[in-house]
1. When you count, for each residue, the other Cβ atoms within 10 Å and take the mean per peptide, how do 69-81, 99-111 rank with the highest first?
2. Between residue 188 and residue 87, how high is the FRET efficiency from 1/(1 + (r/R0)^6) when r is the Cβ-Cβ distance and R₀ = 45 Å? Nearest 0.05.
3. Measuring with a 1.4 Å probe in the full set of protein chains, what accessible area per residue, in whole Å², belongs to region 44-182?
4. Within region 228-262, which residues have the backbone N less than 13 Å from the label spot 7 Å out from residue 277 along Cα→beta-carbon, could you tell me?
5. Quick check for me: using +1 on Lys/Arg Cβ and -1 on Asp/Glu Cβ, what's the dipole size of the chain about its Cα centre, in debye to the nearest 20?
6. Cα atoms only, the chain: Rg and Dmax in Å?
7. Under the 0.36 nm per residue contour assumption, what length would be gained going from the current alpha-carbon distance of residue 263 and residue 129 to full extension?
8. Hey, any idea what % of region 44-180's accessible area is carbon plus sulfur with a 1.4 Å probe?
Amino acid sequence: MPSSMEHQSLPPIYGRRLISDRVLIELCPKQPYSVRYRPDWHILGFALEGQTGHDSFDSDRVQEYHAHPNTFAFTPAGCETFSESKQGGDYLVFAVSPEFFALYLQDVAPHQSITLHRQSNLRDPHVTAIARAAQTLIASNPTEGHGRLYAETLAGQFAVHTIFALSSRSTAPKTHQLTSHQIQQIVDFIDVNLCEDLSLATLADVIGMTQFHFARSFKVAVGHSPHAFVMERRLLRAKELLTQTTLPISHIALDCGFNSQSHLTRYFSQAFSISPNRFRQTVQG
C-alpha cells in the first residue's frame, strides 16, 4: 500500500510511522486506497498479507496486480506511480533517501553498474525477518527520536537485500573483523553519549567504517546489533543510577537516553521483570 509523497517531503500518514532525516518506516493497515505520486525517495515495500488491485509505473498503462504475502517491491525515486485497491492489505513502507541508499549501493556493489528499476513480488527470508522486526518496532509506538538507530539499521539491511535482488547477487560481502581497540572505542563513545539520539552513521564514523560494514561487523564481534547493544547500555546505566542515587526516575530516564519515565519503565520491566520504582525500593530499602 504505497503512500504518496510530496516534493521534498515525507508521506502523509496512512498508519503508524517512524521518521528520521533519511528513513521513514510506515505500517499501513488494511484499507481501500488510491494514490498517484512521484517519490523523491526510494520506496521499499513489503506485503505483510496478500492484496490485489491496479497499478502503473512510469506508464499510462494501468494493469492488475497481485501482491503475494511476504514479498517485497522496489520503486526508485522519481518513478511516476499509480496504485489502488478496493480492499488493500497490511503493508510496510520503507522510504529511504537516495543518499542513504547510495551509501549501501557503493558499499555492497562498488564495481557494478546497477540500474535502479521497479521490481515486485521478490522473496527473501532475510527481508521477511527484517519486515517482521519493523512491524514489531512500529507496533510498539516508539517516538521518532528513540527508534532512529533501529529504524536505520532495518532500512539499511532492507536496502542491502534489495541491491542483491537488483544485481542478482545472492551472497553478502565478507565481514570486516573489528579489533578490540575499535570495540572499546565504540563502547566508550556509547557510554559517554547515552543521552543522545545515537544513529548508525554516528557510531560507524567513530571508527571510520561504512554503516553497512559496521552493522555486520559489530554484531559478529559483540553478539548484538548496535541498537540492541545501545539499549542494553542504557538499561545498565539506569540500573546503576537507581541503585546509587536518589535522582528522580524521570531524570534518570532522560540521562540514559529514554524520552520519558514511562518509556524507561516499559523497557526496564521487560528486561528485568521489575519496574524501576520497585527495583529502587528493593535495593535501597
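1. In decreasing order of mean packing, 69-81, 99-111 become 69-81, 99-111.
2. That gives a FRET efficiency of 0.30.
3. Value for region 44-182: 47 Å² per residue.
4. Flagged as within label range: 249-250, 261-262.
5. The dipole of the chain has a size of about 800 debye.
6. Cα radius of gyration and Dmax of the chain are 20.6, 72 Å respectively.
7. 45.7 nm
8. The value for region 44-180 is 48 percent carbon and sulfur by accessible area.
The values are calculated or read from the model by the stated rules, or taken from the named source; none is laboratory data. The shown structure was predicted, so the numbers you read here are calculated from the model rather than taken from an experiment. As a convention, Cβ positions derive from the backbone with ideal geometry for all residues, glycine included, and neighbour counts pool all protein chains shown. In case anyone asks, the SASA skips ligands and DNA or RNA and just uses the protein heavy atoms, side chains included. Shrake-Rupley method; radii C 1.70, N 1.55, O 1.52, S 1.80 Å.
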